[in-house]
Amino acid sequence: MTRTFIFQTALAATLATAGQAAAQSFYDGPFPQQGGEAIYKGICQGCHMPDGKGAVGAGAYPALGGDKRLQSGAYPAMVIVRGQKAMPPFANNFSDQQVADVVNYIRTHFGNAYADKVGPETVKALRPPPAAEQRPE
Amino acid sequence: MADDSSAPMTRRSLFTLIGVAAGGAVMLEAMSSLAYAGESGYQGPIQLSGDPKGTSVLILGAGLAGMCAAYELRKAGYKVQILEYNDRPGGRNWSLYGGDTYTELGGFTQTVGFDKGLYLNPGPWRIPHHHYAVLDYCKRLGVMLEPFTQVNYNAYVHSTKAFGGKPQRYRTVQADFNGYVAELLAKSVRQNSLDQAVTKEDREVLLTALRQWGALDKDWNYAKGVDSSGRRGWASDPGGGTTSVPIPSDPLAMSDLLQSGLWGAIGAGLGYEFQSTIFQPVGGMGMIGKAFGRQLDGVIRYGAKVTDIRQDDKGVTATFIDSKTGGPPQQARGDWCICTIPATVLGQTPINVGAPMKAAIDALYYDASLKVGLQFKRRFWEQDEQIYGGITYTDQPNGVIGYPNADMFSSGKGVLLGAYAFGGPAFEFAAMPPEERVARMVEYGANIHPQYKTEFDNGVAVAWHRVPWTLGCAGHWTEALRAQHYDNLAAMDGRIVLAGEHVSRIPAWQEGAILSALDTIRRLHQRVMAA
């Protein structure tokens, strides 16, 4: 892994004191996984689960199969870079290519079979402005 | 003191210089004090005077916020009931013990194999001395506290990329870093390089201070000898009788130390939240939740998953189902509702509040975090390495190794905190099955303590994005989000008001949860009394 070397002493203290605002710059480095499958299995399945079916507890993570909103590849790309409710924004963690790759993976797995692909240029256009908070309003 | 216009600049310049030289640690201190110079604002036990005349309050969530609210409102004469998703009180105030079973989202189930009395705190694990509310409730509820060691000079700082991956004692890195900074600064002062910044009167005082602070020798050097070894320890300790000659140790080379980055690991104890003395409950953090739960016996309906929250002009009705078996919807009602359900979960729950509060709820996602508890057959960190409590810091993804701050010198097994990860690594670990998380932590730990390989017994891993009732560890506030949404999240919306760490300015801390609850019930009580 080639992540910026930073000790958690700094992170923990900023998390605790600065309301996490400053903490972002410490750990929002890029995820190392490349390719849709590696990214999905390395990150996304933490919540959406290995079978893509999501999970239900007091709250829920949505299933990725059979969700009509995935008909547009821009939708999952936007959710990934901007976040949505409980889903954190990952704009700082993924390159445009990584987002495109995992979107294309999701849209061709878990019962999805969309033929069209999303490219990095689509992702780039959906990213939040750099200075703005990563939340659409 | 006269307001000499040159004086403040002098001190500031000096501070800046030290800041540049000292880097992370001092910068951290400055950041912390800037961010939260204030105290928690706890004024002692809350007084809610006046008769609420049987007013009822429905509370959603039996974490510290919900239970604190119930405890105080009942005392003030309110009728209270709590709906709780879990089958235990406490929420994120939680300890896992041997025999406990924990099932995370996706159905991955772990049965904890720890020996009796040993535990992992998956959530909070320490209480600052200025978190007055938490400490006061511990006292009032009979929760015994003991010191939590934040800084252990004999624990390690570790980088896979420095000193051949060999962990260094915290003590040596701190002594050497301070020593070299003091030496450089002393040289500058003695060469009169800082005449603009330091007055003649201050010059000698500063030199004396630097010699003391940095353990410099008579020639103003930080060098091998009795002065430096008095801080970093000896190659051979002084003893008795014929073997008593102490042998000084060799400081790390300054360039090696700077390039190692290990100086970034010696600042944790400088932060306001971490300054000695801080505390932990005897027997696990979860003792606080249990104590509240005992007080509220009969008030809490466990295993209740809230599916709808609806207010009208007379009260609030929560619809819920059994969180394990489902079954027919049931309802609970109160004249008012205090909702402590995490924003991540509440955002998915139908609730008729106004658009501003709803937008605030939906704006907050929760951070990623991972904690792993590892049981070992013997307490080798104490027996072999003389590490009693405290924390080792590493650049590996596990982040830290936390040593138990209790049962020291016990000949039995021991449980280490094998990981406390945030951010990117925490997301990655959440994507692994629990047993793989544990296996990884054993690998990482073995690079610091080779004994891991032979002494490992069993482990348990809690990745907070897989926790079914929080979907993350704590609300992720930024300054911009606060400016936009915080007031709307905290404001009463008709008969509904929210509480919890996410409705506080001490996010992720239990103190925030309790202060939020106290502020909530104070406002609610005012409203009731005014009616």
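The values are calculated or read from the model by the stated rules, or taken from the named source; none is laboratory data. Quantities reported herein were computed from a predicted structural model and do not represent experimental measurements. Methodologically, a virtual Cβ is constructed for each residue, glycine included, from the backbone with ideal geometry; neighbour enumeration extends over all protein chains shown.
Filter region B:152-179 for residues that are in a helix (DSSP H, G or I) and within 26 Å of residue B:405 (Cβ to Cβ) and give the result.
Those that are in a helix (DSSP H, G or I) and within 26 Å of residue B:405 (Cβ to Cβ): B:170, B:171, B:172, B:173, B:174, B:175, B:177, B:178.
Kindly indicate whether residue B:495 is among the charged types (D, E, K, R), assigned by TED's automatic domain parsing to the domain that holds residue B:71, in contact with an Asp or Glu (Cβ under 9 Å, 6 or more places away or on another chain) and at pLDDT 95 or above.
Answer is yes for this residue.
Residues being assigned to a helix (DSSP H, G or I) and either more than 27 Å from the chain's Cα centre (by Cα) or crowded, with 23+ Cβ neighbours inside 10 Å (or both): count how many of those fall in region B:292-308.
1
For region B:177-192, check the following and say yes or no: at least one residue is in contact with a Pro (Cβ under 8 Å, 6 or more places away or on another chain), among the polar types (S, T, N, Q) and not assigned by TED's automatic domain parsing to the domain that holds residue B:391.
Looking for residues that are in contact with a Pro (Cβ under 8 Å, 6 or more places away or on another chain), among the polar types (S, T, N, Q) and not assigned by TED's automatic domain parsing to the domain that holds residue B:391, one finds none in region B:177-192, hence no.
Kindly establish whether residue A:128 is at the interface with chain B (Cβ under 9 Å from one of its Cβ atoms), within 29 Å of residue B:470 (Cβ to Cβ) and touching a helix residue (DSSP H, G or I) at 6+ places or on another chain (Cβ under 9 Å).
No, not satisfied.
Can you tell me which of B:80, B:151 is surrounded by 17 or more Cβ atoms within 10 Å (Cβ to Cβ), under 30 Å from residue B:51 (Cβ atoms) and either touching a His at 6+ places or on another chain (Cβ under 8 Å) or aliphatic (A, V, I, L, M) (or both)?
Of B:80, B:151, the one residue that is surrounded by 17 or more Cβ atoms within 10 Å (Cβ to Cβ), under 30 Å from residue B:51 (Cβ atoms) and either touching a His at 6+ places or on another chain (Cβ under 8 Å) or aliphatic (A, V, I, L, M) (or both) is B:80.
So in region B:224-256, with the set limited to residues that are in a loop (DSSP other than H, G, I, E, B) and in contact (Cβ under 8 Å) with a residue 40 or more places away in the chain, which one is farthest from the chain's Cα centre (by Cα)?
Result: B:249.
Just for strands (runs of 3 or more DSSP E) wholly inside region B:35-111: which have at least 3 residues that are closer than 20 Å to residue B:460 by Cβ, in the same structural domain as residue B:458 (by TED's automatic domain parsing) and not aromatic (Phe, Trp, Tyr)?
Of the strands (runs of 3 or more DSSP E) lying wholly inside region B:35-111, those with at least 3 residues that are closer than 20 Å to residue B:460 by Cβ, in the same structural domain as residue B:458 (by TED's automatic domain parsing) and not aromatic (Phe, Trp, Tyr) span B:109-111.
Just one of the numbered conditions (1) part of a loop (DSSP other than H, G, I, E, B); (2) in contact with a strand residue (DSSP E or B) (Cβ under 9 Å, 6 or more places away or on another chain) is not true of residue A:47; which one?
Looking at each condition in turn, residue A:47 falls short on (1).
Quick one: is residue B:362 within 13 Å of chain A (Cβ to nearest Cβ) and surrounded by fewer than 24 Cβ atoms within 10 Å (Cβ to Cβ)?
yes
So how many residues does region A:66-101 have that are assigned to a loop (DSSP other than H, G, I, E, B), within 21 Å of residue B:468 (Cα to Cα) and of a type outside the set (Lys, Arg)?
So the answer is 4.
Looking at region B:397-449 only, could you name the residues that are among the aromatic types (Phe, Trp, Tyr) and buried (at least 19 other Cβ atoms within 10 Å of the Cβ)?
Selection gives B:403, B:420, B:422, B:427, B:429, B:444.
Taking residue B:496 as the residue in question, decide whether it is β-branched (Val, Ile, Thr) and within 14 Å of chain A (Cβ to nearest Cβ).
no
Restricted to region B:309-328, and to residues that are over 13 Å from residue B:88 (Cα atoms) and among the small types (Gly, Ala, Ser), which residue is surrounded by the most Cβ atoms within 10 Å (Cβ to Cβ)?
B:318
If I ask for residues that are more than 20 Å from residue B:347 (Cβ to Cβ) and more than 14 Å from every other protein chain (Cβ to nearest Cβ), which ones from region A:48-94 would you list?
The answer is A:65, A:66, A:68, A:70, A:71, A:72, A:73, A:74, A:77.
Say we look at region B:258-273 and pick out the residues that are at the interface with chain A (Cβ under 7 Å from one of its Cβ atoms) and either without any contact (Cβ under 8 Å) to a residue 12 or more places away in the chain or in contact with a helix residue (DSSP H, G or I) (Cβ under 7 Å, 6 or more places away or on another chain) (or both); which of these is farthest from residue B:126 (Cα to Cα)?
Per the stated criteria, the residue is B:264.
Enumerate the pairs (first residue in region B:417-438 and farther than 21 Å from residue B:403 by Cα and facing chain A (nearest Cβ under 8 Å); second residue anywhere and among the aliphatic types (A, V, I, L, M) and in a helix (DSSP H, G or I)) with beta-carbon separation below 7 Å, excluding pairs fewer than 6 apart on the same chain, so at least 6 apart or on different chains.
B:427/A:43; B:428/A:43; B:431/A:43
Mind checking whether some residue in region B:503-517 is more than 8 Å from chain A (Cβ to nearest Cβ) and surrounded by fewer than 21 Cβ atoms within 10 Å (Cβ to Cβ)?
Scanning region B:503-517 turns up no residue that is more than 8 Å from chain A (Cβ to nearest Cβ) and surrounded by fewer than 21 Cβ atoms within 10 Å (Cβ to Cβ).
So which residues in region B:24-59 are at pLDDT below 95 and of a type in the set (A, V, I, L, M)?
Within region B:24-59, B:25, B:26, B:27, B:28, B:30, B:31, B:34, B:35, B:37 meet the criteria.
What number of residues within region B:245-258 are surrounded by fewer than 10 Cβ atoms within 10 Å (Cβ to Cβ) and either under 27 Å from residue B:158 (Cα atoms) or out of contact with any strand residue (DSSP E or B) (no Cβ under 8 Å at 6 or more places or on another chain) (or both)?
The number of residues fulfilling the criteria is 1.
Within region B:343-359, restricting attention to residues that are out of contact with any strand residue (DSSP E or B) (no Cβ under 7 Å at 6 or more places or on another chain) and either of a type in the set (D, E, K, R) or touching a residue at least 40 places away in the same chain (Cβ under 8 Å) (or both), which residue is nearest to the other protein chains (Cβ to nearest Cβ)?
So, considering only residues that are out of contact with any strand residue (DSSP E or B) (no Cβ under 7 Å at 6 or more places or on another chain) and either of a type in the set (D, E, K, R) or touching a residue at least 40 places away in the same chain (Cβ under 8 Å) (or both), the one nearest to the other protein chains (Cβ to nearest Cβ) is B:345.
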